[in-house]
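Colleague: Okay, handing you the structure first.
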Amino acid sequence: MQDSKYQGTQMSFSPSIEKIRDIVERRLLRVERESKNYFPDILKSSNIHWVSFGNENLLSLFFVTEDDLKRIQSYQSQKYEPFPGLFATDSSLPAAFGFKQSRFGLVSGCSVTNSISFSIGKDSTFVVVDHTQSIDTKELGSISYRIPLGYFISFGDEITPDNAYENLEELIAYSVKAWRESHGK
Amino acid sequence: MANETENLHDALEALICDEKNKELECRAYLKYARDLLVDVTTATFLEEAEEYRGHSGNSDYLIVCRAVDAAGIETNKAYLWEVKAPQCFLFEHDTNNRVRPTKEFISAENQLLHYYEESRGSTQFRDEFRITHPDDVKLGGLIIGSKRTWVRGGNYDASTLARLYKRALDLRRRYLYGNSGIKVMIWDHFLDYLKKQEAPKPSGKVFNTSISIPEPNYTIVNSGG
C-alpha cells in the first residue's frame, strides 16, 4: 500500500528565491575571472537578471537581459506565460526537440520558428544557450524572443522536488564544464 | 575531446556493469567530474587525493580547490567524499513496504562523518591545504552503488522497488542530510555526466496555425526578489 501522505508532498513546487540565489552566486557569480572568461556574455554583464519558474512538472531558471525582463513582466501583467511556445510538458503537442529521461543535455545556438521548441518529458535536465524562439500567437501576433541562457529540470521518478536544487546545481556545473571544454581547457 | 569523453564513458560503464567490486578502478574516474564534487565553480583545483590518511582511517576522496567567498576573497576549500563500489547495494529489504540502508551504506556514512570531524578539527590538515577556517572543510557525500543495486533482497516488483528506494533516500535527504549538505550519488550519475554529447534530434513537426498563449500555471520568481 502506498503512503498517500508522502506521495502528496511531492506534488507542488515553487522555486525558492533564496536557494536559487545561493546556487547562482556560488556557481556562476562568485567565480574567479579566469572561469568567467568562457561564460556566455549574459553572465559577464554587471547587472544580471534571472527568472525562475516551477510547478509540479519542472523547475527552470533563465538568465535574461533588462529588455527581456521588461517583456516578461509585461506578459505577466497580461496573464500570459513569459516564454510562449518555448516548451511544453504535454507530450501530445508537437515540438522541435524532445527530452525524456535524458540528463545533462545541451542545446546551443538554435532558432525555432512556428513550433514549440522543447517537449519536456520526465526526469530530464538540459541547458539552453543562445536560443531564439519565433512563433505566431493569437493574442500578440508574431513574436520572437531570445533566451541567452536557460536551465530545465523536469520531475519524474528520480528527479523530485526534494532533489530539484541538487539537480539544478549539477546541471549548472555541467554547463560550466561544457563551456570550459569548448575553450580547450 | 569528444573521443576522450566517449572513451571515459564507455570504460566507466564497463566497470559499473562488472560483477566484481570495482571501487578502486572507478575512483580513478572521479577527477573527470570534479565540478560535481565541489559546490563552487573554480578554475583552480589544488589537490586531489585518493586515500588521504587520517587518525581514524583513510578518507576515500579528498578534493581541494580555490573559491571566491561572499566578500570576494579567494579561499581554499576541501571536500571529503566516501566512495564505495558501483556493485555495493544502497538499501535492503526491511518489510514489504520499507527498505533500510545496507551495512555498506551505513559504514560509508559513518566513515565520512568521522573523517570530516577529524579533518575540520585538525590544524595539520588545514595547514597542509592552507585552509584558514574549519568551515572551509566541507562534507561532500557518498558515492555508492548504481541503478541495479538500489535495493538488495525482497520480492519487490520494479515500480515498488523504485518507490521504496526513492522514499528511503528522500527521507534521509530531508531529515538527516538537510543541513549538513551530504550528497548521495550513484555511479550512473557520473556516467551521465561523462556521456558523449549528442545534438538533439529535430522532430520536423510544425504548427500550421497560431498558438494561444496560456496563463502561466506555475510560480514565477526573479532575481529582483
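Colleague: Write out, first by first residue and then by second, each pair whose Cβ atoms fall under 6 Å of each other, whose residues are 6+ apart or on separate chains, and whose first residue, in region A:41-54, is closer than 25 Å to A:Glu81 by Cβ while the second is assigned to a strand (DSSP E or B) and aromatic (Phe, Trp, Tyr).
Modeller: Going by the 6 Å Cβ cut-off, the qualifying pairs are A:Ile42/A:Phe63; A:Trp50/A:Phe63; A:Val51/A:Phe62.
Colleague: Let me ask you something else. Could you please find all residues in region B:147-181 being over 15 Å from the mean Cα position of the chain (by Cα), assigned to a loop (DSSP other than H, G, I, E, B) and either of a type in the set (Lys, Arg) or surrounded by fewer than 15 Cβ atoms within 10 Å (Cβ to Cβ) (or both)?
Modeller: Passing the criteria: B:Gly153, B:Asn155, B:Asp157, B:Asn179.
Colleague: Could you list all residues from region B:198-225 that are modelled with pLDDT of 75 or more, aliphatic (A, V, I, L, M) and within 32 Å of the chain's Cα centre (by Cα)?
Modeller: B:Ile220, B:Val221
Colleague: Evaluate region B:11-33: report whether one residue or more is touching a residue at least 60 places away in the same chain (Cβ under 8 Å), assigned to a strand (DSSP E or B) and not aliphatic (A, V, I, L, M).
Modeller: No.
Colleague: Out of the strands (runs of 3 or more DSSP E) lying entirely within region A:64-151, which hold 3 or more residues that are closer than 21 Å to A:Glu169 by Cβ?
Modeller: A:105-108, A:125-137
Colleague: Related question: Please work out which residue is farthest from the chain's Cα centre (by Cα), limiting yourself to region A:33-57 and to residues that are aliphatic (A, V, I, L, M) and facing chain B (nearest Cβ under 8 Å).
Modeller: If we filter region A:33-57 for residues that are aliphatic (A, V, I, L, M), which is where we start, we get A:42-43, A:48, A:51.
From what is left, the residues that are facing chain B (nearest Cβ under 8 Å) are A:48, A:51.
Working: A:Ile48: 16, A:Val51: 9 Å.
Taking the candidates together, the pick is A:Ile48.
Colleague: How many of the residues making up region A:22-32 are assigned to a helix (DSSP H, G or I) and facing chain B (nearest Cβ under 7 Å)? Steps first, please.
Modeller: Initial filter on region A:22-32 (assigned to a helix (DSSP H, G or I)): A:22-29.
Then keep just the ones that are facing chain B (nearest Cβ under 7 Å); that gives A:26-28.
Of the residues in region A:22-32, 3 are assigned to a helix (DSSP H, G or I) and facing chain B (nearest Cβ under 7 Å).
Colleague: Looking at the structure I just gave you, is B:Ala33 surrounded by 15 or more Cβ atoms within 10 Å (Cβ to Cβ), at pLDDT 90 or above and small (Gly, Ala, Ser)?
Modeller: When the stated conditions are applied, B:Ala33 passes them.
Colleague: For region A:128-185, which residues satisfy the criterion of being at the interface with chain B (Cβ under 7 Å from one of its Cβ atoms), charged (D, E, K, R) and closer than 17 Å to A:Val107 by Cβ?
Modeller: Within region A:128-185, A:Lys177, A:Glu181 meet the criteria.
Colleague: Limited to region A:168-182, what total is found for residues that are closer than 14 Å to B:Leu194 by Cβ and in contact with a Phe, Trp or Tyr (Cβ under 6 Å, 6 or more places away or on another chain)? Even if it seems obvious, please write down each step before you answer.
Modeller: Let us first name the residues in region A:168-182 that are closer than 14 Å to B:Leu194 by Cβ, namely A:170, A:173-174, A:177-178, A:181.
Subsequent filtering for residues that are in contact with a Phe, Trp or Tyr (Cβ under 6 Å, 6 or more places away or on another chain) retains A:174.
Matching residues across region A:168-182 total 1.
Colleague: Still on this structure: Please state which of the following conditions B:Glu51 fails to meet, knowing it meets all the rest: (1) farther than 23 Å from B:Leu24 by Cβ; (2) part of a strand (DSSP E or B).
Modeller: (1)
The values are calculated or read from the model by the stated rules, or taken from the named source; none is laboratory data. Just so you know, these numbers come straight off a predicted model, no measurement behind them. A quick note on method: Cβ atoms are made from the backbone with ideal geometry, for glycine too, and the neighbour counts reach across all protein chains shown.
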